[in-house]
1. Residues in the range 7-14: is at least one under 13 Å from residue 68 (Cβ atoms), outside any helix (DSSP H, G or I), of a type outside the set (D, E, K, R) and out of contact with any Gly (no Cβ under 7 Å at 6 or more places or on another chain)?
2. Kindly list the number of the only condition in (1) open to solvent by less than 40 Å² (accessible area, probe 1.4 Å); (2) without any contact (Cβ under 8 Å) to a residue 24 or more places away in the chain that fails for residue 12.
3. Just give me the residues in the range 33-56 being open to solvent by 80 Å² or more (accessible area, probe 1.4 Å), more than 8 Å from the chain's Cα centre (by Cα) and either among the aliphatic types (A, V, I, L, M) or at negative phi (or both), in sequence order.
4. Pairs please, first residue from the range 46-66 and assigned to a helix (DSSP H, G or I), second anywhere and open to solvent by 100 Å² or more (accessible area, probe 1.4 Å) and of a type outside the set (A, V, I, L, M), Cβ atoms under 6 Å, 6+ apart in sequence or on different chains.
5. For residues in the range 1-25 being touching a helix residue (DSSP H, G or I) at 6+ places or on another chain (Cβ under 9 Å) and of a type in the set (Asp, Glu), which is farthest from residue 39 (Cα to Cα)?
6. Is it fair to say residue 19 is modelled with pLDDT under 95 and in a strand (DSSP E or B)?
Amino acid sequence: ENISPKEIEDLIGTHEKIDMVQVIAVKDVKYGDEICAWIKLKSDCKMTKEEVAEYCHKNLAHYKVPRYV
C-alpha cells in the first residue's frame, strides 16, 4: 500500500489532546515497513495508544493506523 505520513499526521493532529505529531516508517520483517506515530500531548493531557488507535480507526483505513505510538 502507498501510505502518506502527512495524511496520518494531519488526522492525528486534529485530536484535542495532541500538540504535535510526527509519523515515520519503521522496518518490519513481515511487512517491510510499519507506521510509527511520535506524539507530544498538550500539557496536563493523558492519552493511551489504544485511544490513538481508536481515533484513527474512526477516520482512516485500517492499514493506515499506526502500529507503534
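1. Within the range 7-14, none of the residues are under 13 Å from residue 68 (Cβ atoms), outside any helix (DSSP H, G or I), of a type outside the set (D, E, K, R) and out of contact with any Gly (no Cβ under 7 Å at 6 or more places or on another chain).
2. (2)
3. The first filter runs over the range 33-56 and keeps only residues open to solvent by 80 Å² or more (accessible area, probe 1.4 Å), leaving 38, 40, 42-44, 46, 49-50, 54.
Imposing the further condition that a residue be more than 8 Å from the chain's Cα centre (by Cα) reduces the set to 40, 42-44, 46, 49-50, 54.
Once the filter is applied, which keeps residues that are open to solvent by 80 Å² or more (accessible area, probe 1.4 Å), more than 8 Å from the chain's Cα centre (by Cα) and either among the aliphatic types (A, V, I, L, M) or at negative phi (or both), the range 33-56 yields 40, 42, 43, 46, 49, 50, 54.
4. That search, which allows pairs on different chains as well, returns 63/1.
5. Of everything passing the filter in the range 1-25, 1 is farthest from residue 39 (Cα to Cα).
6. Details: modelled with pLDDT under 95: no; in a strand (DSSP E or B): yes.
No, not satisfied.
The values are calculated or read from the model by the stated rules, or taken from the named source; none is laboratory data. Because the structure is a prediction, the values reported are computed rather than measured. Cβ sites come from the backbone with ideal geometry, for glycine too, and all protein chains shown count toward neighbours. Each accessible area value is taken on the protein alone, full model and side chains, heavy atoms only, with ligands, DNA and RNA left out. Shrake-Rupley method; radii C 1.70, N 1.55, O 1.52, S 1.80 Å.
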